[in-house]
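The values are calculated or read from the model by the stated rules, or taken from the named source; none is laboratory data. Please read all numbers here as calculations on a predicted model, not as lab measurements. Here the Cβ positions follow ideal geometry from the backbone for every residue, glycine too, while neighbour counts run over all protein chains shown.
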């Protein structure tokens, strides 16, 4: 038996999430799928498990071409997927979750289901109390429940999407044991991750995906640096960037403790000097956004102090931060930055500080025309935000940053922008640092981090993993650090 | 935002469905009377009928087929059409909730524009509108049913409106008969009354029930102390969820509390329905509905009978007087035709026995009615006290129409509120 | 440009609704064209008819204008019905207790109506901003409470002497009536119409030309972005509630002091809910509210004639209004689906 993926294509508009992916996995293999955020791993797995339909291409299992139109089709064909957050109905009991979505009719033989649950879970070495509510299980136990269910339903291929997020070290060990056993029993196990260490520890073979394409396939072991290089592509050879003299500390964090969801940042001592640019690296969800949001006043620290320009802002409101000269630009330009249905001119009126009660539309249009010109926005003063392209939305957001801002907090400032727009955005941002504005930005783009930062803070697993001077590190080291490994 | 729009649509859909549903539910059966008009149909062969070409307006507060108050008036209008060949212009559901943009004055003006020579405004709710309309059209005779504006001795006399008369039926008699029927049937002596809201009219009706019940209870040789009448006011003429008390619950509470006959004073038949359900479950309970001759049909096996209005003869008299030019406004408070209280051509107030009334009780009831008719029984004779012990009628004093019409409280012996203040 | 593109399917839908209405009339066996001409005649056929139509138009305009404000802030102000009622109650209170000539009492009733409506709206507002209760549920609950209070007052503390009933409180003294202007033999509701038109103009100016309106629109379209832009979103939501409620409350004043001249239990006349339909049909635009509201009340007022002259159930007017809304809604949904379809082929999800 083998799982064969043949020339899968899946486009979302102009984005090629899967761009001709083909590979084959033999049964009894624990196979790693590696790639950075947005490389196209998830899309591919969702196609395999029936959540998406591919635009073209075939999935072949055991010589049979599968017709995957829904998750139910996939499960029937023997392909099951475990999501990052196992899809479990928390208020329901373990037994209810177990029988949920079983292919039988309306009739539910609970005692039979219970003995089935006991049998399958014993085979796998798990133990459940069928009556307990799923909400009382740990994430690891929920995974075990989901695995048990999929095995009972006859899965031949199991896909694990980032399964180690949010589970404890012991549960991880247990999970890995289970995965190895499943592979030994002749299943095909796909292990999707961006954590190098885990793939190295666990997998028999690996496929690296970048920009929707398979760029590397090999049997393990493979040297880490090869995997890093393949994951991130050609790493930018660093130029000397215009480092400028930085001033007195502007942002000062002392013993800062932050909690947001599963992210926990402990006792952070950290300073940003006036005029300094700090890049935040790490896989998405590793804690960068938490730090940015805390500095913007959107989450209250659970401990420690946060000072901007000598003013204690610990626990102060977002608006207080705004008045203290802290400006936050989140990643979702149209979700948490601009307002749909509101024009360029209106956006500029909204942020101007000398607007009168009755709006002088003539003046507003002049201002808008000026800013459109200055920031090279492709749009008219009356163009609504949602009609602008991503790059132009970002330019508009830049134009909306007040002049006297002291600390700029940016999330993925150039994501989705073409090269020219990205360079332009940075030109404008760097102009501000010369006036003493400090910048802290999160990015997934190593090139961008290395090129524009003075210092780079690497997050891993919800905490700060390493801090490097940009001048003293390189893309290769960052790749290791982001994967949670020190370079050897 | 996109999500928002979707929920906008969903809500819009709900609103529209609610609107359409409301519109449909209030639509009555198809009306052909007015569409047929006076120039076609059966009347053409009898061209000599006195009302040929005469038009009158009939303004109803509820639906013309409500099996209650409004339908009784609508049928009186049909009766005039039938008897005289006149043409009725009717408009139903004239009230601020159903026709928020329409006032009684406007409706009267529209009807007069269409040639109406006589207007009936058939609810006490229409007081302000019909008085304003009467002032505006002083040459058009109008009747405000159940009102007291033309009563010189009354408290709300409008000497300045010589065209506006009043007609009301002496339902005090119908209610007394109902009270008697209840007392003759009850095994416990515990009677209960589902009242609408508290005003002069409803106070005198509850008091009449009590007097009728007391008379027959004692005549049957029972201990006067064992007779109880409890009233609970739901707050409105019919159930409005969240605003009024639920008449179904009120009725159930009465039966739970030991009552075995519940009389209804409201426009709808919950009391009878509840009694039917409980009787089906083996309880010995009965009910008496109100207003509409056919009301017993909802649960005939527990219905002791129903007192009803028959507006036709009185309305016909007025229409005839307008036709022959002898109309004079007056206040009429009309009782039954004692020779036959159920004569549709002569009697204003009627009573039909229900299936649940025993033969013995029916015989005693007939005797009671005969007594009322020949004057040997007069219920409103002193000594009668109000609930607070103050005197309503002194010993031997016979109540005048004015005293009875404007009773200030319920009578002593009735349990329940006399005023809502 | 976009407005024009929206207007075309609306017109097509209106025409379709009309065709459907004619078919409906044929089904019930009524002469359709006579019925339609009766609708027009019944609402605009004479001076007194026009006056009646204008008098019904005014509160609908006021309530609709208030709703445009709250819709702009992204709020589903279902509580508008209760705000009309509370405005009417507050205005009735002033009309009953404040002595003095008309130029004192009438402005007093208008102010009281505005305050009554605003306070009631703010209750729903605080429930939303501070209690986390969605304004649909808070508003609906408050609608019921307001209707209950009106009924309680009419049959309780404010009942009229003698035959107290659903017919309402005693008629207010003449000084508390909104003055009418006599011309062509009828009284004209000049003050209510001016109030209605002024409210629409006010809302139009607020939303088109002021910082308040722009911020409101911004909060309504994306409250999180607006918050990040530094707009105190809760304050603006409450502002929208207060203003919308005040206008709805003045609609209540018009109902008691210009139409009924007393408080009746069903004082709102359902204009709050009707206003929701009007504003939806107007595409949330203040400028379109006036003609659409006029169209709606003309159908309501005119449909009385269908009953009087043709013996047709006048619920037909309500059915026609419902059909129009349904058709326009489906037309709009169809256009929107087509637009998003053509967009989604060019855009990433």
Practice problem: Look through C:294, C:326 and report the one residue that is modelled with pLDDT of 80 or more, at the interface with chain B (Cβ under 7 Å from one of its Cβ atoms), farther than 28 Å from residue B:236 by Cα and in contact with a helix residue (DSSP H, G or I) (Cβ under 6 Å, 6 or more places away or on another chain). | Solution: C:326
Self-check item: Selected residue (only one of A:403, A:463, A:382 is surrounded by fewer than 21 Cβ atoms within 10 Å (Cβ to Cβ), at pLDDT below 85 and either within 30 Å of residue A:264 (Cβ to Cβ) or within 14 Å of chain C (Cβ to nearest Cβ) (or both))
Solution: A:463
Quiz item: Name the residues in segment C:293-332 that are in contact with a strand residue (DSSP E or B) (Cβ under 9 Å, 6 or more places away or on another chain) and either farther than 18 Å from residue B:74 by Cβ or not in a helix (DSSP H, G or I) (or both), would you?
Solution: C:311, C:314
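Condition check ((1) within 23 Å of the chain's Cα centre (by Cα); (2) within 18 Å of residue A:161 (Cα to Cα)) across all residues:
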residue	(1), (2)
A:3	no, yes
A:6	no, no
A:17	yes, yes
A:24	no, no
A:31	yes, yes
A:40	yes, yes
A:43	yes, yes
A:56	no, no
Quiz item: Is there a residue being under 30 Å from residue B:276 (Cβ atoms), surrounded by fewer than 19 Cβ atoms within 10 Å (Cβ to Cβ) and out of contact with any helix residue (DSSP H, G or I) (no Cβ under 6 Å at 6 or more places or on another chain) anywhere in segment B:326-336?
Solution: no
Quiz item: Do we have residue A:147 as more than 22 Å from residue A:5 (Cα to Cα) and in contact with a strand residue (DSSP E or B) (Cβ under 7 Å, 6 or more places away or on another chain) here?
Solution: yes
Self-check item: Residue within segment A:372-389 that is in a helix (DSSP H, G or I), in contact with a helix residue (DSSP H, G or I) (Cβ under 6 Å, 6 or more places away or on another chain) and over 17 Å from residue C:217 (Cβ atoms) present
Solution: no
Quiz item: If we scan segment C:240-254, do we find a residue that is touching a strand residue (DSSP E or B) at 6+ places or on another chain (Cβ under 8 Å), within 14 Å of chain B (Cβ to nearest Cβ) and surrounded by 24 or more Cβ atoms within 10 Å (Cβ to Cβ)?
Solution: no
Quiz item: If you take just the strands (runs of 3 or more DSSP E) that sit entirely in segment A:265-338, which of them hold at least 3 residues that are more than 14 Å from every other protein chain (Cβ to nearest Cβ)?
Solution: A:277-281, A:303-308
Quiz item: Residues that are under 24 Å from residue A:228 (Cβ atoms) and within 25 Å of the chain's Cα centre (by Cα): which helices (runs of 4 or more DSSP H) entirely in segment A:103-204 hold 1 or more of them?
Solution: A:169-184, A:196-202
Quiz prompt | Check on residue C:24, over 15 Å from residue C:299 (Cα atoms), within 14 Å of chain B (Cβ to nearest Cβ) and not in a helix (DSSP H, G or I) | solution = no
Practice problem: Could you tell me which residue of segment C:297-312 is modelled with the lowest pLDDT, considering only residues that are crowded, with 24+ Cβ neighbours inside 10 Å and more than 7 Å from every other protein chain (Cβ to nearest Cβ)? | Solution: C:312
Quiz item: If a residue has to be exposed (fewer than 14 other Cβ atoms within 10 Å of the Cβ) and at positive phi to count, how many in segment A:306-362 make the cut?
Solution: 2
Quiz item: Is it the case that segment C:260-270 has a residue that's more than 11 Å from chain B (Cβ to nearest Cβ), in contact with a helix residue (DSSP H, G or I) (Cβ under 9 Å, 6 or more places away or on another chain) and in a helix (DSSP H, G or I)?
Solution: no
Quiz item: Looking at segment C:160-171, is at least one residue within 11 Å of chain B (Cβ to nearest Cβ), buried (at least 21 other Cβ atoms within 10 Å of the Cβ), in a loop (DSSP other than H, G, I, E, B) and at pLDDT 85 or above?
Solution: yes
Exercise. Identify the residue in segment C:198-220 that is out of contact with any helix residue (DSSP H, G or I) (no Cβ under 7 Å at 6 or more places or on another chain) and over 14 Å from residue C:240 (Cα atoms) and, among all such residues, is farthest from the other protein chains (Cβ to nearest Cβ).
Key: C:198
Quiz prompt | Members of segment A:351-379 that are within 13 Å of another protein chain (Cβ to nearest Cβ) and closer than 15 Å to residue A:426 by Cα | solution = none
Quiz prompt | Top-ranked residue of segment A:279-299 - restricted to ones that are modelled with pLDDT of 90 or more and under 18 Å from residue A:455 (Cα atoms), ranked as surrounded by the fewest Cβ atoms within 10 Å (Cβ to Cβ) | solution = A:292
Quiz item: Looking at (1) within 14 Å of another protein chain (Cβ to nearest Cβ); (2) closer than 20 Å to residue B:362 by Cα, can you tell me which one residue B:237 breaks?
Solution: (2)
Quiz item: Scanning for something modelled with pLDDT under 90 and either within 14 Å of chain C (Cβ to nearest Cβ) or not in a strand (DSSP E or B) (or both), does segment B:78-92 turn up at least one residue?
Solution: yes
Quiz item: Would you pick out the residues in segment C:173-228 that are in a helix (DSSP H, G or I) and touching a strand residue (DSSP E or B) at 6+ places or on another chain (Cβ under 6 Å)?
Solution: C:190, C:209
Quiz prompt | Sole exception among (1) touching a residue at least 40 places away in the same chain (Cβ under 8 Å); (2) farther than 20 Å from residue C:328 by Cα; (3) surrounded by fewer than 18 Cβ atoms within 10 Å (Cβ to Cβ) for residue C:30, by number | solution = (3)
Quiz prompt | Test: residue in segment A:401-414 that is assigned to a loop (DSSP other than H, G, I, E, B), assigned by TED's automatic domain parsing to the domain that holds residue A:263, at positive phi and without any contact (Cβ under 8 Å) to a residue 40 or more places away in the chain | solution = no
